[in-house]
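For reference, the structure is listed below as structure tokens.
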Amino acid sequence: MHAIVIDDSRAMRLILRRILGQLGFEAVEAEDGQAALAVLAGMDQKPDLALIDWNMPNMNGLEFVTAARDDPALREMTLVMVTTESEQSQIVRALAAGAHEYVIKPFTSGAMVEKLALLGLVPSGASL
């Protein structure tokens with residue numbers, strides 16, 4: 001399985017990549033939505049999963065979700081917002097734009113595994 005981690009925080013990208021790596025994902029990263037679209041354009045095999053921060057410069061997470069949903073080559077990718085935005089209206093906006101799930105920071109690795117299992121990306125009952 002392949003994934004892309006999109007977050008302007010280098011530390012958060014490292015944390016998410018470590019969790020994904022322990023679950024058997026090969027992950028690449030990007031510091032914002034615009035950089036992510038450039039990385040994805042250069043990939044022959046598109047990732048199965050994108051973990052996306054909301055608040056980033058250049059192109060935020062919501063704009064990335066919208067762009068990914070508009071691109072036929074990226075439509076199959078599972079999109080998960082991983083963000084500090086916790087207002088119900090923000091969650092609704094992200095899901096309406098095409099995100100599959102929503103994880104609020106700070107989170108535990110167990111919570112991330114549960115979300116990925118819910119989406120069918122890791123076996124149910126998997127743990128780190």
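The values are calculated or read from the model by the stated rules, or taken from the named source; none is laboratory data. Keep in mind that what you see is a predicted model, and the values were worked out from it rather than measured. FYI the Cβ positions are ideal-geometry reconstructions off the backbone, even for glycines, and counts take in every protein chain you see. Remember, those area values only see protein heavy atoms, side chains included, never the ligands or the DNA or RNA. Shrake-Rupley method; radii C 1.70, N 1.55, O 1.52, S 1.80 Å.
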(request) Using a Gaussian network model of the chain whose springs link C-alpha atoms within less than 10 Å, name the residue from VAL80, VAL113, VAL92 with the highest mean-square fluctuation. (result) VAL92
(message) How big is the dipole moment of the stretch 73-127 about its Cα centre under a simple scheme where the beta carbon of each Lys and Arg is +1, that of each Asp and Glu is -1, and everything else is neutral? Debye, nearest 20, please.
(response) 60
(message) Given the options THR84, GLY120, ALA94, identify the residue whose Cα lies farthest towards the positive end of the charge dipole of the chain (+1 on Cβ of Lys, Arg; -1 on Cβ of Asp, Glu).
(response) GLY120
(message) I'd like the Karplus ³J(HN,Hα) series for the stretch 83-94: coefficients 6.51, -1.76, 1.60, θ = phi - 60°, whole numbers in Hz, and an x wherever there's a Gly or Pro.
(response) 8, 7, 5, 10, 5, 3, 5, 5, 4, 4, 4, 5
(message) List the GluC sites (Glu not before Pro) within the stretch 1-103 that DSSP assigns to loop and that have no more than 10 neighbouring Cβ atoms inside 10 Å.
(response) GLU76, GLU87
(request) Any chance you could run the full-extension gain for SER9 through ALA41? It's 0.36 nm times the residue separation minus the Cα-Cα distance, nm to one decimal. (result) 9.3 nm
(message) About the Cα centre, and with charges only on the beta carbon of Lys, Arg (+1) and Asp, Glu (-1), how big is the dipole of the stretch 2-123? Nearest 20 debye, please.
(response) 240
(request) With a cut-off of 17 Å, note down the residues of the stretch 1-44 whose backbone N falls inside the zone around a label point 7 Å from the Cα of LYS105 toward its beta carbon. (result) 4-20, 29-36
(message) Out of the total accessible area of the chain (probe 1.4 Å, heavy atoms of protein only), what percent is carbon and sulfur?
(response) 49
